[in-house]
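The values are calculated or read from the model by the stated rules, or taken from the named source; none is laboratory data. Everything quoted here is computed from the prediction, not taken from an experiment. Backbone-built Cβ (ideal geometry, glycine too); neighbour counts: all protein chains shown.
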């Protein structure tokens, strides 16, 4: 089985925003003196500009309240460096997830986010996660009941964004994990056809907004071949979107993602010029063969090609390699041990095809209650039961801090 990008476990089981609580001021006040030196050594996520348009900094939303509780608890136990690390991680720009909720709720919540981001002259990243049949009815099951309900929800998101700038991560797992991939389709393939209709509707609703860029789901380099994911992107309306996203809630390395993204973008360009996706490289890791295909078939300038963004929130140590022969279903995507936070979010990647490196998955939030093919309920790699999808996972949060690459705190 190919590696899966369980982006649905990446941050929302239905919450539409994180409201501030009294905990964060208490935690910050309690830790201010103790963490002063450590916090000053934290690597800054990105400098905030004073005057520029459009915004060149990314938005940092309020943290998961349970992260604040963990910070306060660490300070109480005099684990100050760990507290500073978790604080630095929560102060790094991250996506805001929207799943479920009524149209009125999501309209108001999105509006609050984009207005707050504009007040800070920062660009919000909105991860929309409400597609019917979400996550193949597994750990992050849910979503809209049907296509009309989903379209009404998207209309509310559009109204919430209005004229404010926003980057939209449109429905993680929606194209890399189609209904036809998980036994949800009927003999006529109608549910998969509906999925493409729903995604394309969202693109046409959101991409025309001033300052809004929409990116579609392309899974990651350990999941689909280039010539398999490209037809899905085309059917989902990539021609009308800014581009595609990679690695949401997964762990593939930056260099691997950059190469895979280049090949997907190049194949899309080739198809738009009349070529067939089947001719694109299906073994992207065969670098010499793939490069030869690029040299022979793709000559478009990067400005004329589809761009991409990547999720670097947890890929600092790359993917986890499960022990051989131990688990019937290793679930290498699900709370793998000893991972680390990755490259800090930025809009300046140095790659003409890569628009941004982002933290889309909220680092420190659980992927789900992983059993790796065992009867459970414990995660056999950890010896205890993982929190439900989207819940704060203190042990994993510390792993991400300790193994961050680059470091979250200077030595």
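Of the residues making up segment 167-183, those that are out of contact with any helix residue (DSSP H, G or I) (no Cβ under 6 Å at 6 or more places or on another chain) and free of Cβ contacts under 8 Å to residues at least 60 places away in the same chain are 171, 181, 183.
Here segment 273-316 is the region considered, the condition is being without any contact (Cβ under 8 Å) to a residue 12 or more places away in the chain and part of a helix (DSSP H, G or I), and the residue that is nearest to the chain's Cα centre (by Cα) is 291. Of all residues in segment 236-258, at least one satisfies being assigned to a helix (DSSP H, G or I), more than 16 Å from residue 353 (Cβ to Cβ) and out of contact with any strand residue (DSSP E or B) (no Cβ under 9 Å at 6 or more places or on another chain). Residues that are more than 26 Å from residue 158 (Cα to Cα) and surrounded by 17 or more Cβ atoms within 10 Å (Cβ to Cβ) do occur in segment 203-221. Looking across 159, 176, one residue alone is farther than 19 Å from residue 305 by Cβ, assigned to a helix (DSSP H, G or I) and at pLDDT 95 or above. It is 159.
Quick grid of which residues meet (1) free of Cβ contacts under 8 Å to residues at least 24 places away in the same chain; (2) touching a strand residue (DSSP E or B) at 6+ places or on another chain (Cβ under 9 Å); (3) surrounded by fewer than 17 Cβ atoms within 10 Å (Cβ to Cβ):
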| position | (1), (2), (3) |
| --- | --- |
| 79 | yes, no, yes |
| 83 | no, no, no |
| 88 | no, yes, no |
| 101 | no, no, no |
| 130 | no, yes, no |
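Hey, any hits in segment 62-70 for a residue that's at positive phi and not in a helix (DSSP H, G or I)? No. Across segment 369-392, the number of residues qualifying as modelled with pLDDT of 95 or more, crowded, with 23+ Cβ neighbours inside 10 Å and either over 17 Å from residue 251 (Cβ atoms) or touching a helix residue (DSSP H, G or I) at 6+ places or on another chain (Cβ under 9 Å) (or both) comes to 1. Number of residues in segment 233-245 that are crowded, with 23+ Cβ neighbours inside 10 Å and out of contact with any helix residue (DSSP H, G or I) (no Cβ under 8 Å at 6 or more places or on another chain) equals 1.
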